Amino acid sequence: MARPRTRPFPVRAVRRTAQVALDAVELLSGRREPGLPPRSLRDLAGGGDYHQIGEHLVEQARELGGLAPDARVLDVGAGTGRVATALIPYLSPRGSYDGLEIVRPAVRWCRRQISREHPNFRFHHANVYNGLYNPGGRVQVEDSRFPFEDGSFDFTFITSVFTHLPRATVERYLKELGRVFATNGRAMATFFLLNDDSSSCIAEGLSSHDLSHPANDGSMVADPNVPEHAIGHPEEWVTAVVARSGLIIESPIHYGTWSGAGAGASYQDILILRKA
């Protein structure tokens with residue numbers, strides 16, 4: 001059964017129009033930094049400093065998840081290649097990178113800007129439906145499959161992805177992660193985890209996302225009209241679905257600062273996953 005399409009989000013459309021205009025100004029004036037994506041693509045993962053965020057994610061993957069220079073890396077939700085760009089000086093010639101992304105223009109940009117000079121960095125388009133990022137997607141999540149063989153990867157980034165996906169998609173992607181993991185494979189996955197602390201902070205107005213609107217699957221969203229904008233999943237459910245997917249959460253969970261509960265390792269909550 002096809003998923004009903006979500007209405008276009010006017011604020012996002014207006015913002016994109018403004019970004020396209022700024023792109024043109026930067027391009028004509030020569031003010032765009034070489035290698036930096038256009039503004040209309042740059043904010044796919046929430047904005048911020050493109051290079052700094054990519055380098056921070058790679059550093060966390062090394063410190064928390066044991067990412068090695070010769071790893072075969074999968075990046076789910078590769079966006080415009082900010083993780084890939086940060087990995088270029090780190091991965092050895094024996095290492096490789098495959099980025100999977102549902103926004104086709106981002107994949108095209110990455111192939112032109114990154115893959116041409118670095119052939120061991122590959123980008124793949126997954127035409128999976130998403131109400132916010134790929135409303136024209138032809139593949140429903142229940143029919144989706146990562147286009148890779150079993151056991152293909154040593155390390156997976158899946159950051160700022162589950163924070164935009166409903167439960168059914170999260171569960172599907174976790175099962176696919178378990179399938180493509182090598183024997184000692186690991187993943188760095190980020191969430192907005194709902195527990196007593198984060199829920200209290202949301203109720204007190206301390207969180208950067210007001211995840212107080214129930215979704216139809218039991219999770220919580222910031223905008224019921226555009227649920228994919230920001231989605232929080234109960235920590236107990238995440239723990240259970242990770243286990244059902246044949247994976248283990250390595251302790252500790254690295255809670256982020258998004259909820260307003262205090263200092264954290266990063267903005268979002270980080271889980272390091274491995275095969276059970």
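The values are calculated or read from the model by the stated rules, or taken from the named source; none is laboratory data. Every value quoted in this text rests on a predicted model; they were computed, and no experiment measured them. Don't worry about glycine lacking a Cβ; one is built from the backbone with ideal geometry, like all the others, and counts go over all protein chains shown. To get the accessible areas, we keep the full protein, side chains included, count just its heavy atoms, and leave off ligands, DNA and RNA. Shrake-Rupley method; radii C 1.70, N 1.55, O 1.52, S 1.80 Å.
In table form, for the structure just shown:
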| item | result |
| --- | --- |
| Projected-area mean, region 58-138, by convex hull of Cα positions, square nanometres | 5.4 |
| 5 angstrom amide H check on Thr257, placed H, neighbours 5+ away | Ser266, Tyr267, Gln268 |
| Dipole-positive endmost among His125, Val221, Ser160 within the chain (Cβ charges, Cα centre) | His125 |
| Surrounding net charge for Thr239, when Lys and Arg each add one and Asp and Glu each subtract one, Cβ distance under 14 Å | -3 |
| Proximal charge balance of Arg145 [Cβ under 13 Å; K/R count +1, D/E count -1] | -2 |
| Sequence-distant residues sharing a close amide H with Leu100 (under 5 Å, placed H) | Asp75, Val76, Gly77, Ala78, His124 |
| Debye intensity ratio I(q)/I(0), log10, region 168-276, q values 0.12, 0.19, 0.23 Å⁻¹ (C-alpha model) | -0.41, -0.97, -1.27 |
| Surface accessible to a 1.4 Å probe, per residue, for the residues of the chain, Å² | 49 |
| Hull-based mean projected area of region 91-230, where the convex hull spans the alpha carbons, in square nanometres | 10.2 |
| Beta bridges per DSSP with both ends in region 150-276, % antiparallel, nearest 5 | 70 |
| Viscosity 1.002 mPa s, 20 °C: Kirkwood-radius Stokes-Einstein D of the chain over Cα pairs, µm²/s | 111 |
| Given charges at beta-carbon only (K, R positive; D, E negative), |dipole| of the chain in Debye | 1220 |
| DSSP beta bridge pairing in region 71-164, given as percent antiparallel to the nearest 5 | 5 |
| Carbon/sulfur fraction of accessible area - the chain, other protein chains in place, 1.4 Å, % | 52 |
| Estimated vicinal HN-Hα couplings, Hz - region 134-150 in sequence order (Karplus 6.51, -1.76, 1.60; Gly, Pro = x) | 8, x, x, x, 8, 9, 7, 4, 5, 9, 7, 8, 4, x, 9, 6, 4 |
| Environment charge of Ala261, counting only residues whose C-beta is closer than 11 Å and scoring Lys/Arg +1, Asp/Glu -1 | -4 |
